[in-house]
Structure formats: structure tokens, C-alpha cells
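K.L.:
Let me begin by handing over the structure; questions about it come next.
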Amino acid sequence: MANLASEFIGIKSPNPFWLASAPPTDKEYNVRRAFEAGWGGVVWKTLGSEGPPVVNVNGPRYGAIWGADRRLLGLNNIELITDRPLETNLREIKSVKRDYPDRALIISLMVPCDEDSWADILKRIEDTGADGVELNFGCPHGMAERGMGSAVGQVPEYIEMVTRWVKKHSRMPCIVKLTPNITDVRKPAEAAKRGGADAVSLINTINSITSVDLDDFAPEPTIDGKGTHGGYCGPAVKPIALNMVAEIARNPETHGLPISGIGGVTTWRDAAEFMTLGAGNVQVCTAAMTYGFKVVQEMISGLSDYMDRKGMTSTSELVGRAVPNVTDWQYLNLNYITKAKINEADCIKCGRCYAACEDTSHQAIAMSEDRVFTVKDDECVACNLCVNVCPVEGCITMERVAPGQVDERTGKVVPEEYGNWLEHPNNPGNACAAE
Amino acid sequence: MTSNTLTPGIAAGRLPGEDYSRNFADLHPVLDDHEALVAADRCYFCHDAPCMTACPTSIDIPLFIRQIATGTPEAAAKTILNQNILGGMCARVCPTETLCEEACVRETAEGKPVQIGRLQRFATDTLMAAGVHPFERAAPTGKAVAVVGAGPAGLSCAHRLAMHGHDVTVFDPRPKAGGLNEFGIAAYKSVDGFAAKEVDWLLQIGGITVETGQALGAGLSLEKLKADHDAVFLAIGLAGVNALGVEGEDKDGVDDAVEFIADLRQADDMSTVPIGRDVVVIGGGMTAVDAAVQAKLLGALNVTLVYRRGKDRMNASVFEQDLAASKGVRIITNASPKAVIGNGAVQEIEFEYTDDDLAPTGETFRLAADQVFKAIGQTLGRTDLPELDGRKIAVNDTGRTSMAGVWAGGDCASGGDDLTVTAVAEGRDAAEDIHATLMA
Ligand SMILES: Cc1cc2nc3c(=O)[nH]c(=O)nc-3n(C[C@H](O)[C@H](O)[C@H](O)COP(=O)(O)OP(=O)(O)OC[C@H]3O[C@@H](n4cnc5c(N)ncnc54)[C@H](O)[C@@H]3O)c2cc1C
Ligand SMILES: Cc1cc2nc3c(=O)[nH]c(=O)nc-3n(C[C@H](O)[C@H](O)[C@H](O)COP(=O)(O)O)c2cc1C
Ligand code: SF4
Ligand code: SF4
Ligand code: SF4
């Protein structure tokens, strides 16, 4: 079994699976049980300043969307930061860390946007034994209206300023947690780096309304006839998070800045994907909230199994492996030509590929009287839609047309060499190429 | 001379050649990748899962199914084999409809449980096809343990002991290890020599010597085994067969169901196995059903299974009863055998109807029979053993017997159902207790 031991900005943990700051890490009882179940680390539920804690709603705080068979795909919440007294949290953090010295324990923080508030909270957490802090600049509801959370995270100058305060008043490693509720995630990441952050973590939740009650005409979850936007997370947000992680990993300004990947991690495979795109470790919230702490056991066995198969002995060999292969559209090889191929033996003759291609794509699938489905190579543009709608995994494959052969759709010989849009004759930028 | 289904008496080769391979093909073939993913997707990953509680070996079912769902069937197999080293055989032979699948919450929800047994087979077959044995021996302890009987209980105990670094010798009178996996389980549940392949795979752990042709009571004595080893585990199953106790029982054609099945399991070619035209099986358990079904599959014209109590009291599960019915076996309940009739060989057998308390009703009937199989239970059939509890060796939760240094498990020991999976659990648990005792 591959060794999953992980070191992230100097913080060691037996595996790269941390619980994200959220209800699973809200109290000592949870965190102890999480560690017993095998989690490598936790980011404690976000702490606020000293004084009366925030209050949560007392009606429902989650909404959801489901896939077939009621599999939970996306969760949305309107929960705030911890609603328990600061002292209680600090006492519990200290006690857990003492008993689990080998696990990572990070404290998530969110206090008002002035230097004194940050200096004060940092001093209070100093002797908990925690391994680092995470600055929650991401929460999109409730706290943002009070000038915290994503209200800070959406203004790069504020991120830089607060990060600088934190580095000035504390020697702890500092992770800046980013909000996805912005247009270009590279800007806040750059700001965090300028402020001296040791790492960024992303994503926090996405502004969302999951559904509307069509009898009461109110967004769900509905509280006494009203609802509000909440933070979206779970498997549905993974593609958004993966892209944001990749953007930061390949941005020359932030390349090499350690990233903790968050957003929809549910299986070992999700975790491995985040790591190949540059995440040094991952954080998980919804999967634990859906399936319980035990879900980490599959992540552990799956990742080590995968690493064994790949002959990798350390997770660091995985981190960033796919980053060089993330590029811009204009650099993709236009001379790489494929055609869909339907394997008749696997086909169950449902006709979904036909409907998709005939009605909405390129009319490239033929259907015979006795429901045999075949791809017309002279029409197929290799869009991949049929592959994605086919209910049988692996039934339709994309086969490359080898260089030197004729692409039946264009009637042209497939060139040997790489050729992208920048060099393409149709590119208006290449005025002379057309001649 | 060629025979067919109408040939009277006991005869081999009643069917055209190709029918045999069709009849004895895998009852539940292994799922393909697509089927496995669809089946795995139905599992809810329940907390403190009821299926897991219902499994005598407590396999972490939600975890292994999730591992299949995420494309790591070999990791799934490890999860299974950690708890149940014969997880491959159990996937084939467990009456899941009365164990894990009965408890599955999707049985409650839709009357259709997650296909746990078949998913288990998918995982274990994948690992075994890759030729992987995922366990390693601990450093040698220098302790020697004798395991008597190479059935599921003995093999499971031997593997766990070997893993802990002990040296194990397994003794068995039969020419092959495996116990009833090799000689008893219905042929269509364990095709292509799976039982023997699984034994070879299990022995890859090392540190286990199998000595065949060695029987307790005939050459081996418990005293000697105790003297030569640090501990002894008895796993001799139930070698004796109960008698009918009726007039004419000794006539030709009246046979033990287990012997018939053992011969059939060892036959290379099913067309050489003789079977009656009119076969009557007496009993209501798994052995009775297996004998009846396999008699039918060999080409017997009429096969009747007769049980002395009501259908609901039959030990064979509803699934097994339905399987028998679907193969054309007629099931008669509430009837007890009175006499075997015939001149030298059996020709007819007489029954009397009985009520649910086995009180005779005085009403009798006869069935034509040129072969009768007795499947009314097996017995220990020996006396040189530790104290008994009823008809089995008395043991505590971890398999300790009345004799110091002697443990027992599987069918020969008290407690638990007579099932492969129970035998595996008892062998494993006794091994842990032996290990703890020897290392204390
Ligand atoms: C026909 C039949 C069908 C069955 N079908 C199923 C099924 O589908 N599913 C299921 O779960 N269970 C089934 N069972 C029950 C299952 O096979 C047993 O519960 C299980 O094999 C018990 O394991 P064991 O190791 O205790 O005994 P066994 O498998 O009986 O093994 C005992 C071993 O001890 C050896 N032995 C006997 N006497 C001595 C001696 N004196 N000295 C040394 N060794 C000795 C034997 O040769 C044998 O190898 C079936 C049983 C029968 C008879
Ligand atoms: C109920 C709930 C409460 C959360 N509270 C916090 C919080 O206090 N601080 C924080 O940084 N993130 C919080 N998050 C966001 C998560 O830490 C995480 O970034 C997000 O859920 C995406 O990960 P996931 O898809 O694995 O759930 C919360 C999420 C949920 C569902
Ligand atoms: S999950 Fe628990 S706390 Fe939440 S609504 Fe249900 S019962 Fe109440
Ligand atoms: S979608 Fe897939 S299964 Fe359905 S007809 Fe097309 S190829 Fe066959
Ligand atoms: S009870 Fe059924 S659904 Fe629940 S974990 Fe077990 S197999 Fe899965």
C-alpha cells in the first residue's frame, strides 16, 4: 500500500484528506470521531471574535438537488460561522490537538476587517497547539452583509491587507480561503500571495438558490414563507472548483503557491484529480455530511491503490502532474481528428445517441430498421455528445483517425504535424496565410 | 447401450452431451463491469449497515461496494477478504436471501436488495484473476498448531493463524482439501474447479502444510496432536449421516444424498454419473434440495422431494425451494417415510401424512422410486472428542472446548447455522483466540 503521508506548507498529516471548515469540524465530539475514522486533518469550523456568538436560523438551513435514485449532487446552506462561544472552541481545539498530535488541525478565522480584531484573535489562538490558520474570505451569505467573508474575498486589496496583518501578528502558517463568487479567481489568489499567504484553499461555496416552492412561491429552504440565497457545494460544484484550482496553478504569478483543493471531493478519484491540477491536499465537507466520516476509508484505499498502480510512492509525485497539460483553446491541436465508434456488442439500442446527434448535433448517427446504430464517419465532427448521453459506459468510444488517412467528412488527408488556431488559414489574424 | 430419460432403473448418460454443460453452468454468472457499476450504484452506504450486521463474518459491505463504485474492485476484495478469507466461495454459496440481502434497506424500500453476493463475487473474482494474494505473514512465532479438517472452518482458521506467524498443519482424510466446498456444494454454484483454485490461492500465504489421508480416530489421536502442537483446532464437520429408521432402508438404490453429491462433484464428466428415472429425496434442507435439483439436471424423469413438516419449516430457503420447483422438482410436505418396498432394489417407497407436530394421520401413499436419497441431517458420528452440547462439540464464543488447548468450529461445533460463512467466521475467531492465548 502506497504511503499517503502528506506535508502541506510544513504541516504533516497521515493522508491528504482534511475535513473542510464546516459542521463536521464544529466541535470536539465530531473531530475526535473524524480522526478515529481516519481523516488526516481538519480545518475547524470558522471562529469569530470574542463576544456573543452569531446565531443561526432555527428553520431549515439546507437545500439540495438530487440525481437519479435520489443521490445527493448539490447542497446549499445558509449556515453562519460557529455559533458557540470562542472560549469553548479554543478549549476543545487544544484538547483534541493534544490527543492527536499526528493529525493536522487548522483554525479557520473570520473577524471584522480591522487590524486590532485580527491581532486579538490571533493572540487568543496562540497556545491551542493548532498547526495553522485559514482565513475565511469565502462565506457568501450572512457574514458578507456584515463586511466579512466573501465581502472581503471579492476585493483583492482587502485580502492582501488582512493577510499582511495576519502574517505580522502570527508565526503560524496561513492559508487564505477563496470565494468562487468572483469573475477571475487569479486576482484574489495573487493578492493573497502578495500579502504573504503560505497557501490558498478553494473553493468556498457558490451563491445559489436550489429550488422554489411552487405552492408558497418562495425559495427553498423556506423559513416562514421567505428564503435567501445560500452557499452551494457538493459533487455539482467540482468542475467549477477544478477549473479555479487549475487557473491558479498555471498562472505564472501564482504558479507554485500551495493550494488546498476543495469543492465536491467525494471519492479518491476526485481527490486525485484536484491533486493533479496542483492541489497539495484536499478538503471535504459535503461528502462527509452525506455519507458520514467513514467515507474517507474509500478515499484512502482508492488513492493508495491508484498510486501503487502508477508506481508512485509519495503524494508529491501526483501533485501538479496535469498542470502542464492545461492550456488555452488556441493551442489545441486542430489536426487531431477522432470519430465516434459504437460497439454493437455493448449497445442496448436505446437510441439516445441518435436523438442527441440527429436533433441537436450533426446528424452523424444512422439508425437501421432493426435498431442498429452506426456512426457516419462523413458527418461525425467528434463532438463527444453521444458518448456522454449513452447509458452504457464505454459503449461509444472516440477513435483517432491516424495521420495520413482521409477524414471522410472533409475529404482531406489528416496531417502528421500539430497545427493550432493561431496558424490556421481561417484565423483573421493570419491574413497572409490564406493566400 | 445408450439411455435416455425414460430408461428404467439407475443409469448414466440419460441426456444428450451438450445438455450437461448447459445444466451445470454457473447459476449466477459473474457480473460484467457495467452490471457491477449499476448494481453498486444502488447502495446507500448505510450507517452501521444492517447488511453488515446480518453477515456472519461482518464484511464491511457498504465500504466494499463503494470501492467497486469508484473503480477499485481489488481494494473491495481486500475489504471482503480481511473479514472472510473464503469471500469468493461465500459469494457463490451464501443464502444471501436469508442473510445480508434480506437485511438490506433496499429490500425494505423496494423489495429488491442490493445484489451484495454478486458484487462480492465481482470483486473477489477480479482480485483472484489478477493472481494477487493481498496478505503477508507476520514474523514466525515458532508456535505450531494442528487443524483437523480442511473444510471452510479449518482453512479459515489456518489462514488467520499463518498470517499471525504460526506454523499450521492441516489434517484431512480426503484426497483434496476444501471440505464440503469441494465435495458438497452444488456443482452449479462452484463451477470450473473454483473450490480447488480457492484453496491454492489461500495457501499462498505460506506457513500451512496440508496432510491428506490423515483422519482423527484412524491414525491420528487427539492426545498425540495435543502433545505435538501448541494448540489444536477441530473442524471435522459432520461426517455421519442420519438413518431413516424404516423397514427396507438397506435395499439397493437407497443412498446418502451427501455421498451422491460428493461423487457428482468429483466426476470429470457428468454423463458418467448414474441417476435413477424416478428419484425420491427425503429431507427439507439445502442438501435435500441440492440432491433433488442435481438429480433432475442429470436427466432423472421424476424427482420428488418429501419433507415431513410444513413448507414454512423447511431449512432450505424460499429461493432454494423456488429453484427446485423451477427445475421441475415436485415438493411434497407433511409426509414421513414408512417403508422402502422392493425386491433387492427399491421399487417404491411408502409415506404417511403427518400434521405439523409430526403426529401420523393414518393416511398413506406410495411413490415409484428406483433411487432414494436420504438427506435428513448429518451427525458427528464419533466419541473421541471433547464434551458435547447435544449432538455437537460444546464451545464458547471463541471456539474453546472443554479440553485445554483444543478449540473447535464449523459444523462440528455447537452454535451458529451450518453454513459455509458461519464456518469461516468461527475458524477466524478461534484463530484469533488461539493467537491471543499462545502469545500471552
Ligand atoms: C450438500 C450440501 C450443500 C450445502 N450447500 C450449502 C450452500 O449452498 N451454502 C452454504 O452456506 N452452506 C452449504 N452447506 C453447508 C456447508 O457446506 C457447511 O456448513 C460447511 O462446509 C461447514 O464447514 P466445516 O469446515 O465445518 O465442515 P466441512 O466442510 O464438512 O469440512 C470438514 C472437513 O473435515 C474432514 N474430516 C471429517 N472427519 C475427519 C476426521 N475424523 N479427521 C480429520 N478430518 C476429518 C472432512 O474430510 C472435511 O474435509 C451445504 C452442505 C451440504 C452437505
Ligand atoms: C453547512 C456548511 C457550513 C459551512 N461553513 C463554513 C465555514 O464556517 N467556514 C468555511 O470556511 N467554509 C464553510 N463551508 C464551506 C466548506 O468548508 C467548503 O468550502 C464547501 O462546502 C465546498 O466543499 P464540499 O463540496 O466538499 O462541501 C460550509 C459549508 C457547509 C455545507
Ligand atoms: S439531521 Fe438531525 S438535527 Fe438536522 S433536522 Fe434531521 S434530525 Fe434534526
Ligand atoms: S446511446 Fe449507447 S446504448 Fe443507446 S443506442 Fe446509442 S450506442 Fe446504443
Ligand atoms: S443495507 Fe443495502 S443499501 Fe445499505 S449499505 Fe447494505 S447493501 Fe448498501
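K.L.:
Among residues belonging to region B:23-38 that are assigned to a helix (DSSP H, G or I) and within 12 Å of chain A (Cβ to nearest Cβ), point out the one that is most open to solvent (accessible area, probe 1.4 Å).
P.N.:
The extreme case among them is B:33.
K.L.:
All but one of (1) in contact with a strand residue (DSSP E or B) (Cβ under 9 Å, 6 or more places away or on another chain); (2) buried (at least 19 other Cβ atoms within 10 Å of the Cβ) hold for residue A:290; which doesn't?
P.N.:
(2)
K.L.:
While we're here: Please go through (1) within 14 Å of chain A (Cβ to nearest Cβ); (2) open to solvent by less than 20 Å² (accessible area, probe 1.4 Å); (3) β-branched (Val, Ile, Thr) for residue B:126 and return the number of the only condition it doesn't satisfy.
P.N.:
The failed condition is (2).
K.L.:
May I ask you to list the residues in region B:398-429 that are at positive phi, open to solvent by less than 10 Å² (accessible area, probe 1.4 Å) and more than 14 Å from the chain's Cα centre (by Cα)?
P.N.:
Passing the criteria: only B:399.
K.L.:
Within region A:293-311, which residues are in a helix (DSSP H, G or I) and open to solvent by 50 Å² or more (accessible area, probe 1.4 Å)?
P.N.:
A:294, A:297, A:308, A:309, A:310
K.L.:
Quick one: would you say residue A:173 is surrounded by 17 or more Cβ atoms within 10 Å (Cβ to Cβ) and over 20 Å from the mean Cα position of the chain (by Cα)?
P.N.:
yes
K.L.:
Please give the number of the condition residue A:232 fails out of (1) closer than 30 Å to residue A:59 by Cα; (2) within 14 Å of another protein chain (Cβ to nearest Cβ).
P.N.:
Among (1) closer than 30 Å to residue A:59 by Cα; (2) within 14 Å of another protein chain (Cβ to nearest Cβ), the lone unmet condition for residue A:232 is (2).
K.L.:
Can I ask one more? Output the residues belonging to region A:171-208 that are more than 15 Å from residue A:9 (Cβ to Cβ) and among the charged types (D, E, K, R).
P.N.:
A:184, A:186, A:187, A:190, A:194
K.L.:
Are there any strands (runs of 3 or more DSSP E) wholly within region A:39-157 with 1 or more residues that are away from ligand 4 (no atom under 16 Å from the Cβ) and surrounded by fewer than 24 Cβ atoms within 10 Å (Cβ to Cβ), and if so which?
P.N.:
Where strands (runs of 3 or more DSSP E) fall fully within region A:39-157 and carry at least 1 residues being away from ligand 4 (no atom under 16 Å from the Cβ) and surrounded by fewer than 24 Cβ atoms within 10 Å (Cβ to Cβ), they are A:62-66, A:72-77, A:132-136.
K.L.:
How many residues, within region B:96-136, are within 14 Å of ligand 5 (Cβ to nearest atom), of a type in the set (A, V, I, L, M, F, W, C) and without any contact (Cβ under 8 Å) to a residue 60 or more places away in the chain?
P.N.:
Number of matching residues: 5.
K.L.:
Scan region A:211-224 and tell me whether some residue there is under 30 Å from residue A:308 (Cβ atoms), open to solvent by 10 Å² or more (accessible area, probe 1.4 Å) and touching a residue at least 24 places away in the same chain (Cβ under 8 Å).
P.N.:
Within region A:211-224, none of the residues are under 30 Å from residue A:308 (Cβ atoms), open to solvent by 10 Å² or more (accessible area, probe 1.4 Å) and touching a residue at least 24 places away in the same chain (Cβ under 8 Å).
For every residue, the table says whether it meets (1) in a loop (DSSP other than H, G, I, E, B); (2) over 18 Å from residue B:229 (Cβ atoms).
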{"residue": "B:395", "(1), (2)": "yes, yes"}
{"residue": "B:404", "(1), (2)": "yes, no"}
{"residue": "B:425", "(1), (2)": "no, yes"}
{"residue": "B:428", "(1), (2)": "no, yes"}
{"residue": "B:431", "(1), (2)": "no, no"}
{"residue": "B:434", "(1), (2)": "no, no"}
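K.L.:
Across region B:110-123, what is the number of residues that are within 14 Å of chain A (Cβ to nearest Cβ) and surrounded by 22 or more Cβ atoms within 10 Å (Cβ to Cβ)?
P.N.:
Of the residues in that region, 2 qualify.
K.L.:
Would you say residue B:203 is more than 14 Å from ligand 1 (Cβ to nearest atom) and either among the polar types (S, T, N, Q) or in the same structural domain as residue B:221 (by TED's automatic domain parsing) (or both)?
P.N.:
Yes; evaluated as a whole, the condition is true for this residue.
K.L.:
Let me ask something else about it. In the list B:196, B:146, which residue meets the criterion of being surrounded by 22 or more Cβ atoms within 10 Å (Cβ to Cβ) and within 16 Å of ligand 1 (Cβ to nearest atom)?
P.N.:
Result: B:146 is the single residue among B:196, B:146 that is surrounded by 22 or more Cβ atoms within 10 Å (Cβ to Cβ) and within 16 Å of ligand 1 (Cβ to nearest atom).
K.L.:
Can you name every one of the strands (runs of 3 or more DSSP E) wholly within region A:183-238 that holds 2 or more residues which are touching a strand residue (DSSP E or B) at 6+ places or on another chain (Cβ under 6 Å), away from ligand 5 (no atom under 16 Å from the Cβ) and within 17 Å of residue A:155 (Cα to Cα)?
P.N.:
Strands (runs of 3 or more DSSP E) meeting the threshold: A:199-202.
K.L.:
Please go through region B:44-55 and give me each residue that is open to solvent by less than 30 Å² (accessible area, probe 1.4 Å) and either within 11 Å of chain A (Cβ to nearest Cβ) or closer than 28 Å to residue A:348 by Cβ (or both), ordered by number.
P.N.:
Hits for region B:44-55 are B:45, B:49.
K.L.:
I've got another one for you. Residues in region B:56-109 that are more than 26 Å from the chain's Cα centre (by Cα), within 12 Å of another protein chain (Cβ to nearest Cβ), more than 16 Å from residue B:38 (Cα to Cα) and open to solvent by 40 Å² or more (accessible area, probe 1.4 Å): how many?
P.N.:
Of the residues in region B:56-109, 1 are more than 26 Å from the chain's Cα centre (by Cα), within 12 Å of another protein chain (Cβ to nearest Cβ), more than 16 Å from residue B:38 (Cα to Cα) and open to solvent by 40 Å² or more (accessible area, probe 1.4 Å).
K.L.:
Let me ask something else. List every residue pair whose Cβ atoms sit under 9 Å apart, with the two residues 6 or more apart in sequence or on different chains, where the first one lies in region A:90-106 and is among the aliphatic types (A, V, I, L, M) and the second, anywhere, is at pLDDT below 95 and open to solvent by 20 Å² or more (accessible area, probe 1.4 Å).
P.N.:
A:90/A:127
K.L.:
Something else: Being within 16 Å of ligand 1 (Cβ to nearest atom) and either over 24 Å from the mean Cα position of the chain (by Cα) or not in a loop (DSSP other than H, G, I, E, B) (or both) is the filter here, so list the residues in region B:40-55 that pass it.
P.N.:
B:54
K.L.:
Does residue A:227 count as out of contact with any Phe, Trp or Tyr (no Cβ under 9 Å at 6 or more places or on another chain) and within 30 Å of residue A:64 (Cα to Cα)?
P.N.:
For residue A:227, the condition - out of contact with any Phe, Trp or Tyr (no Cβ under 9 Å at 6 or more places or on another chain) and within 30 Å of residue A:64 (Cα to Cα) - is met.
K.L.:
Moving on to the next point. Output the number of the condition that residue A:337 fails; it satisfies all remaining conditions of (1) more than 30 Å from residue A:19 (Cβ to Cβ); (2) at the interface with chain B (Cβ under 10 Å from one of its Cβ atoms); (3) surrounded by 19 or more Cβ atoms within 10 Å (Cβ to Cβ).
P.N.:
Residue A:337 satisfies all of (1) more than 30 Å from residue A:19 (Cβ to Cβ); (2) at the interface with chain B (Cβ under 10 Å from one of its Cβ atoms); (3) surrounded by 19 or more Cβ atoms within 10 Å (Cβ to Cβ) except (2).
K.L.:
Here is a further query. Please enumerate the residues belonging to region A:350-382 that are among the aliphatic types (A, V, I, L, M) and either at pLDDT below 95 or open to solvent by 50 Å² or more (accessible area, probe 1.4 Å) (or both).
P.N.:
Passing the criteria: A:367, A:381.
K.L.:
From the list B:341, B:393, exactly one residue is more than 29 Å from the chain's Cα centre (by Cα) and more than 19 Å from residue B:256 (Cβ to Cβ). Which is it? Steps first, please.
P.N.:
Values: B:393 fails: more than 29 Å from the chain's Cα centre (by Cα).
Being more than 29 Å from the chain's Cα centre (by Cα) and more than 19 Å from residue B:256 (Cβ to Cβ) holds for just one of B:341, B:393, which is B:341.
The values are calculated or read from the model by the stated rules, or taken from the named source; none is laboratory data. Just so we're clear, the structure is a prediction, and the values are computed from it rather than from any experiment. Positions of Cβ are generated from backbone atoms using ideal geometry, with glycine treated the same way; all protein chains shown enter the neighbour counts. Note: accessible area is taken over every heavy atom of the protein model, side chains too, but ligands, DNA and RNA are not part of it. Shrake-Rupley method; radii C 1.70, N 1.55, O 1.52, S 1.80 Å.
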